[in-house]
Amino acid sequence: MKKTDKKEPKPEELIFAILIVIVGIAGFIIASDFSKRAKILPRFVTALMVVLGGIQVWNNRGEFAHMKNLNGFVKNKTLLLTILGILVYPLALRFLGFTVASVLFMFYLMYIRGLRAYLKMAILSVSVPVVVFLLFSSLAHVHLPTGPWGF
Amino acid sequence: MKKSYRNLSILVVVFALLFSLAGCETVESTATNVDSFPSDPITIVVPYNPGGGVDTSTRTIQAALQEAAGVNIVVENRPGGGMSIGYNYVAGVKPDGYTLLAAPIPTMIFTEITMRDQLKCGFSDYKPVGAWINDDCSPLIVASDSPYTDLASFIEAAKSSTLRLGLSGGAYSTDHMTYALLAEETGVSFNLVPYDSSGDALAALQGGHVDAVLASLVTGVSAQEAGTARILGVTTDERAAVAPEVPTFKEQGVDVVIEFHIGLFAAPGTPDDIVKKLSDILTSAATSDDFKARVQEVKSPAGEFMDCEAWGEYCKSEYSRWSEQIGTLDKYPLG
Amino acid sequence: MEFLLVGFKALLNPQAILWLLISVVLGYVTGALPGMGAALTISLLIPITYYMDSALALIIMGTIFTICVYGGSLSAILLNVPGTAGSAATCVDGYKMAQKGEALTALGVSTGASFFGSLGSTILLILGARVLLKPMLALGSGEYFWITVLGLTIIASLSNKGMIKGFIGGCIGLLLSFVGQELITGSLRYTFKSFYLMDGFELVALIIGFFGVSEVISMMTTKQKQIASSNKLTGSLWRGMIAPLKHPWLTIKSFVMGFFIGVMPGVGYSISTWLAYNSAKRSSKHPEEFGKGAIEGVIAPECSNNATVGGSLLPTLLLGIPGSDTAAVVLAGMIAHGIMPGPQLFSKTPELVYTFYVGLLISGLFIIAMGFLVLPFAAKVTVLPLGYVAPAVAVLCFAGALSINTNILDAVVIAVIGCIAYWMKKMDYPIVTVILGFVLGPIMEQNMNRAMLAVGGSVSGLFASKLSWIFIALAVFSVTQNIVRQIKERGKKDEEVVS
């Protein structure tokens, strides 16, 4: 395997590899319930995943010691907040409707990115979702989720 | 930097306005009064993707329906889960006659039987309005250079060696049922090769990858006219109008009858007088010159129109027939 | 040839021109926006075309198709988010060029390449329509199976940082493609009793999630102030547009590849663009430039994706087998107008076909027009502050995902996939391989099953046809070539480290 020049600890590689193995095993077991012809390729692919994942685990076995380096990920506030926002956004879409949820989402992202020009931020946060909503409903007859207020 | 913002926003707003003008809006309706029905646009839900058979057939009659109804007819696609997403959607709408389901029979019945616990209502809860496609089936088609000239010779050959039969649908489809009935009646077995569409199946036939196919009537007729294929038999009760020279299976001594229809259903709970009015609208659309002309152009297997009574009767009898025979599908699985 | 004139005449009225213009704008906008694509747009316009001349309707459909595919490159180059599946390969070098401040050049390249791709494939379509019929029919399930295997071996060469990571990505893609109801047995796989999963994942949603949302996260966490490295735009539209002429063999190779891959039903521009990219890299004099902003890396995919449009129309017009999802909608549109596909289309009503060709040729010209009108303006996005760009892109991605089926679950899917993809990107897992696995999986499996079922279910079906052996040989060759290459590279690297 190609190694980077500086030996940077990469514990996440190990974690991902372990996940791959787990998914592979789970997929293989679930596939046993499929009908005869339908299980051929799934079993082949999941078995392959387990093998390849296993190789990756072996290659990165040294990373068990470096687990505390994960703090780097946890300390990155912007990253965590962004991911949080992205995962919460679909819920907001469902309950608040596309327009309102997107306005809030945009403002939120701008804020955690460090912007503080509130007027500019507000204008953009409102205009983009509104324009998108109008465009999609008239142009494409696409019904974006609406909240209790109809948009 | 600021100028580009302004320009960008102006452009975007202009676009949005332009397209808002080009679009059309549907209004939520509250009327249930028979005399004023319909006073708002009617939505027909097609539980399949645009471009498919049901979708195309619905759009073929859309213009005539609009004419007959006097209001806009909007076709809305809600594909997914076989046809369950569309089925469940219309099962849950307000039963005021403004939202209808376009669905194929017997497919809708197969779906209802096999997915009963995931569906919001039973088949008999739906109110049949009428059917405008009544002459469809999956005929048995062979290549034009094939040695089989009729059903009998084909079945003979199939009994002595295992022929390859292509299907244009997958498990639990109408093709599957057609094959299952054929297998049950004649005792012949095939190597089954399922394809995604009739076009695919016919191309495979032409390329010599299969010996015969069950594919859509329209595609088959088109290929027959082009000289690339030969239809050995249709499974409709009587000969199909689009292919009057092709004998039915029944005529040739094989008792397999399965017909495909596309009809309209009103949501469970729709008042009978509204259903009757819808049926009248559909009747006048299906007998209109516009629709008849389109049918000719497109060679659509429209057949004899069925109004709400005839359609209701037919659906009932089909339901009991298939409830009994659904087991045949499991007896003859595809693979 | 006089039929071509008939085609032109059909366009000489104001109504036709108006509709043509509307189609161009619509096609471009939906192409550039991730999520909505040609298939959706065309299917929305079909009812409107009922009231039009059939020839005009065909031209509109063809135009939207072409422009849409071209439009995908806009967001691919400017934002690293493919507007359509066919622009995913354009992201690689296109975005890098934008990051260097050369967005205008990259956009120009994609314009020129798309134009030549479209032109080239239309010519091939006109010339080759009848000739290719027999060979197309000769390809059966066995052949297609090995073709997809060949496609999967390409994965090996696409992974720069190690074949294992690439294959893991491919496996993830394959696994994702198995989710849903298997068509032959009706067996529900990995659906966990959900309606949503019963239909499987949508390619468009996966692309938005893997490329779009993950890019948003990257944009949010990068220290850079804007997409381009400096806030000045360099580069020239015109220079970009004539770039394909400076690499004539590459351009020709790309559109030929794109065309023939388009001809194969099921295999579309998700595949052809990567194959073209790969081939361009292999035959380039400086392959290490690829991935860093090489112009050839933009020419190849953009040329081949427009070529695939033409290619996918061949089986559609000639056999009624759609060469791609969008071609399927075009087919529906044709049938709705009473135009039945098949050889008789060419023998009985050739003027219709030629009108269609005219439409395709003209849409090629529109590509250039759009280029000059829109692009100088659009390129400015790369110098806008990321703090404003990233949230807007995020909203567009989710709107795009919701436009597929108006299902909230699509939004959930892209959110989750986006996060995972970001993680994978950080670890140098090539996301491309996931998409390739996802697209090739169903084709491979269905053809495998068909080939086996045709002989009663045994594996010998895969080896039954002589034609298959060509592809088997190619696949083996491709794999060995890759292994040899990777060993050589590692050998070189070790030497460098030592010295």
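The values are calculated or read from the model by the stated rules, or taken from the named source; none is laboratory data. Bear in mind the structure is a predicted one, so any value in this text is a computation, not a measurement. Positions of Cβ are generated from backbone atoms using ideal geometry, with glycine treated the same way; all protein chains shown enter the neighbour counts.
Only one of the numbered conditions (1) more than 14 Å from chain A (Cβ to nearest Cβ); (2) without any contact (Cβ under 8 Å) to a residue 24 or more places away in the chain is violated by residue C:388, and that is (1). Among residues that are more than 13 Å from chain C (Cβ to nearest Cβ), crowded, with 18+ Cβ neighbours inside 10 Å and in contact (Cβ under 8 Å) with a residue 40 or more places away in the chain, residue B:205 is not included.
Against the test of being touching a residue at least 40 places away in the same chain (Cβ under 8 Å) and at negative phi, the options B:293, B:302 yield a single qualifying residue, B:302. Pick from the stretch B:286-327 the residues that are within 14 Å of chain C (Cβ to nearest Cβ), part of a helix (DSSP H, G or I) and not acidic (Asp, Glu): which of them is surrounded by the most Cβ atoms within 10 Å (Cβ to Cβ)? Filtering the stretch B:286-327 for residues that are within 14 Å of chain C (Cβ to nearest Cβ), part of a helix (DSSP H, G or I) and not acidic (Asp, Glu), the one surrounded by the most Cβ atoms within 10 Å (Cβ to Cβ) comes out as B:291. The test for being modelled with pLDDT of 80 or more and of a type in the set (S, T, N, Q) does not hold for residue C:54. State which residue is nearest to residue C:396 (Cα to Cα) when the search covers only the stretch C:418-469 and only residues that are of a type in the set (S, T, N, Q) and assigned to a helix (DSSP H, G or I). Of everything passing the filter in the stretch C:418-469, C:433 is nearest to residue C:396 (Cα to Cα). Counting only helices (runs of 4 or more DSSP H) wholly contained in the stretch A:1-103, the ones carrying 2 or more residues that are within 8 Å of chain C (Cβ to nearest Cβ) and under 22 Å from the mean Cα position of the chain (by Cα) occupy A:11-31, A:40-59, A:77-96. Listed conditions (1) of a type in the set (A, V, I, L, M); (2) within 30 Å of residue A:13 (Cβ to Cβ); (3) not in a helix (DSSP H, G or I) are all met by residue C:131, apart from (2). With respect to the conditions (1) within 13 Å of residue C:58 (Cα to Cα); (2) buried (at least 21 other Cβ atoms within 10 Å of the Cβ); (3) more than 9 Å from chain B (Cβ to nearest Cβ), residue C:295 lacks only one, and its number is (1). Every condition in (1) within 12 Å of chain A (Cβ to nearest Cβ); (2) of a type in the set (Val, Ile, Thr); (3) under 29 Å from residue C:262 (Cβ atoms) holds for residue C:459 except the one numbered (3). The residues of the stretch B:64-96 that are free of Cβ contacts under 8 Å to residues at least 60 places away in the same chain, outside any loop (DSSP other than H, G, I, E, B) and out of contact with any strand residue (DSSP E or B) (no Cβ under 9 Å at 6 or more places or on another chain), listed by number, are B:84, B:85, B:88. Out of B:141, B:155, one residue alone is hydrophobic (A, V, I, L, M, F, W, C), more than 17 Å from residue B:224 (Cβ to Cβ), buried (at least 21 other Cβ atoms within 10 Å of the Cβ) and at pLDDT 90 or above. It is B:155. Looking across the stretch C:258-294, the residues that are of a type in the set (A, V, I, L, M, F, W, C) and assigned to a loop (DSSP other than H, G, I, E, B) come down to C:264, C:267, C:290, C:294. Considering the stretch C:371-385, and only residues there that are surrounded by fewer than 22 Cβ atoms within 10 Å (Cβ to Cβ) and assigned to a helix (DSSP H, G or I), the residue that is nearest to the other protein chains (Cβ to nearest Cβ) turns out to be C:380.
When you check residue B:179 against the structure, is it outside any loop (DSSP other than H, G, I, E, B), modelled with pLDDT of 90 or more and not basic (Lys, Arg), yes or no? It is true that residue B:179 is outside any loop (DSSP other than H, G, I, E, B), modelled with pLDDT of 90 or more and not basic (Lys, Arg). Among residues of the stretch B:255-267 that are closer than 9 Å to residue B:134 by Cα, those with a beta-carbon under 6 Å from a residue that is assigned to a loop (DSSP other than H, G, I, E, B) at least six positions away or on a different chain give the pairs B:259/B:137; B:259/B:236; B:260/B:137.
Among residues belonging to the stretch A:89-127 that are basic (Lys, Arg) and closer than 20 Å to residue C:225 by Cβ, point out the one that is surrounded by the fewest Cβ atoms within 10 Å (Cβ to Cβ). Ranking the candidates gives A:116 first. Out of C:36, C:61, one residue alone is in contact (Cβ under 8 Å) with a residue 12 or more places away in the chain and within 12 Å of chain B (Cβ to nearest Cβ). It is C:61.
Applying the selection to the stretch B:159-185, what residues are away from chain C (no Cβ under 14 Å) and surrounded by fewer than 24 Cβ atoms within 10 Å (Cβ to Cβ)? Within the stretch B:159-185, B:159, B:160, B:178, B:181, B:183, B:184, B:185 meet the criteria.
Just the residues that are over 18 Å from residue C:24 (Cα atoms) and out of contact with any Gly (no Cβ under 9 Å at 6 or more places or on another chain), please, taken from the stretch C:377-396. Correct list: C:380, C:381, C:384, C:385, C:386, C:388, C:389, C:390, C:391, C:392, C:395. Before we move on, is residue C:300 within 21 Å of the chain's Cα centre (by Cα) and facing another protein chain (nearest Cβ under 10 Å)? It is false that residue C:300 is within 21 Å of the chain's Cα centre (by Cα) and facing another protein chain (nearest Cβ under 10 Å). Taking the stretch C:147-237 and the helices (runs of 4 or more DSSP H) fully enclosed by it, the elements with 1 or more residues that are at pLDDT 85 or above, in contact with a strand residue (DSSP E or B) (Cβ under 9 Å, 6 or more places away or on another chain) and at the interface with another protein chain (Cβ under 10 Å from one of its Cβ atoms) are at C:163-178, C:195-198. Here's a check for you: in the stretch C:425-456, which residue that is over 23 Å from the mean Cα position of the chain (by Cα) and at the interface with chain B (Cβ under 9 Å from one of its Cβ atoms) is surrounded by the fewest Cβ atoms within 10 Å (Cβ to Cβ)? Once the filter is applied, the top-ranked residue is C:456. Within the stretch C:412-420, none of the residues are touching a helix residue (DSSP H, G or I) at 6+ places or on another chain (Cβ under 9 Å), at pLDDT below 90 and more than 9 Å from chain A (Cβ to nearest Cβ). I'd like the residue in the stretch C:317-355 that is of a type outside the set (A, V, I, L, M), buried (at least 24 other Cβ atoms within 10 Å of the Cβ) and part of a helix (DSSP H, G or I) and, out of all such residues, is modelled with the lowest pLDDT. The qualifying residue modelled with the lowest pLDDT is C:355. Restricting B:193, B:188 to residues that are within 14 Å of another protein chain (Cβ to nearest Cβ) and either out of contact with any strand residue (DSSP E or B) (no Cβ under 6 Å at 6 or more places or on another chain) or assigned to a strand (DSSP E or B) (or both) narrows the list to B:193. Would you pick out the residues in the stretch B:117-173 that are touching a residue at least 40 places away in the same chain (Cβ under 8 Å) and among the polar types (S, T, N, Q)? Scanning the stretch B:117-173 gives B:124, B:134, B:138, B:144, B:146, B:149, B:168, B:173.
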